[in-house]
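Note sheet for the following structure.
The values are calculated or read from the model by the stated rules, or taken from the named source; none is laboratory data. From a predicted model like this one, the values you see are computed outputs, not experimental measurements. In this analysis, Cβ positions are derived from the backbone assuming ideal geometry, glycine residues included, and neighbour counts consider all displayed protein chains.
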């Protein structure tokens with residue numbers, strides 16, 4: 001099986017580890033200037049500055065704007081099987097978000113949780129903010145729609161030679177505010193080909209979803225929108241966590257290119 005190419009996160013993390021776990025940006029530049037990734041990215045120093053701001057494994061060292069960053073431990077508990085079965089819809093909302101964040105991690109994506117939910121919602125004993133790997137997505141979505149995009153429940157990111165870009169976006173809607181969720185998803189810039197998901201407790205919102213995506217402004221993106229229900233999310237999440245445990249029991253180690 002073809003191994004994944006190192007990401008910029010990998011490159012910077014390895015550089016900091018080699019430099020003793022903490023270094024100034026100028027030292028990081030010097031350490032990685034001959035890395036193969038710099039040959040395909042003429043603005044690689046700008047990319048490194050974005051990377052250390054975005055990922056939670058990199059922490060700025062005081063004082064402000066010192067230019068020094070340290071590598072920090074960022075481990076999350078292995079996800080366990082879970083159902084969305086609380087009588088409290090708010091708890092179910094957080095559980096659905098937690099499943100989506102954990103799935104993203106299991107599938108090798110970088111993950112971001114709505115800024116408003118990072119500290120207020122929990123999943124399997126951890127805050128959603130502690131489970132997500134990306135702390136700041138501002139550099140990905142510069143522009144007037146950033147505030148709304150940062151309110152999307154869960155984002156999955158991939159990375160190319162220039163850094164992060166969104167791959168999937170999820171809105172969990174347990175009320176009738178399906179339109180609000182669609183509006184937020186539509187704020188993601190058109191240049192990104194993103195899978196857009198609305199996840200609801202049951203099928204009773206499907207009619208509203210179908211009606212909305214047939215209308216302006218959503219109609220032009222209808223093929224990119226998908227409607228899913230909690231039972232479908234439960235099924236794919238529990239299948240993924242079970243496979244994860246069975247793989248470990250078998251003795252096959254996953255390459256954590258995106259730890």
Filtering helices (runs of 4 or more DSSP H) wholly in segment 1-54 for at least 2 residues that are outside the structural domain of residue 133 (by TED's automatic domain parsing), farther than 17 Å from residue 110 by Cβ and touching a helix residue (DSSP H, G or I) at 6+ places or on another chain (Cβ under 8 Å) gives 8-18, 25-32, 44-54
Of (1) assigned to a helix (DSSP H, G or I); (2) in contact with a strand residue (DSSP E or B) (Cβ under 7 Å, 6 or more places away or on another chain), residue 204 satisfies every one except (2)
Taking segment 55-69 and keeping only residues that are more than 14 Å from residue 164 (Cβ to Cβ) and not in a loop (DSSP other than H, G, I, E, B), one is left with 59, 60, 68, 69
For segment 76-104, the count of residues that are under 30 Å from residue 47 (Cα atoms), under 16 Å from the mean Cα position of the chain (by Cα) and without any contact (Cβ under 8 Å) to a residue 60 or more places away in the chain equals 3
When every residue in segment 207-219 that is touching a residue at least 12 places away in the same chain (Cβ under 8 Å) and in a loop (DSSP other than H, G, I, E, B) is compared, the one surrounded by the fewest Cβ atoms within 10 Å (Cβ to Cβ) is 217
Inset, instruction - Consider residue 222 carefully, then state whether it is in the same structural domain as residue 149 (by TED's automatic domain parsing), modelled with pLDDT under 95, part of a helix (DSSP H, G or I) and touching a helix residue (DSSP H, G or I) at 6+ places or on another chain (Cβ under 8 Å). - result: yes
Note on segment 152-176: residues assigned to a loop (DSSP other than H, G, I, E, B) and more than 13 Å from the chain's Cα centre (by Cα) are 161, 162, 173, 174, 175, 176
Going through segment 151-183 in order, the residues found to be in contact with a strand residue (DSSP E or B) (Cβ under 9 Å, 6 or more places away or on another chain) and closer than 13 Å to residue 225 by Cβ are 168, 169, 170, 171, 173, 178, 181, 182
Confirm whether residue 192 is in contact with a strand residue (DSSP E or B) (Cβ under 8 Å, 6 or more places away or on another chain), in contact (Cβ under 8 Å) with a residue 24 or more places away in the chain and assigned to a loop (DSSP other than H, G, I, E, B).
yes
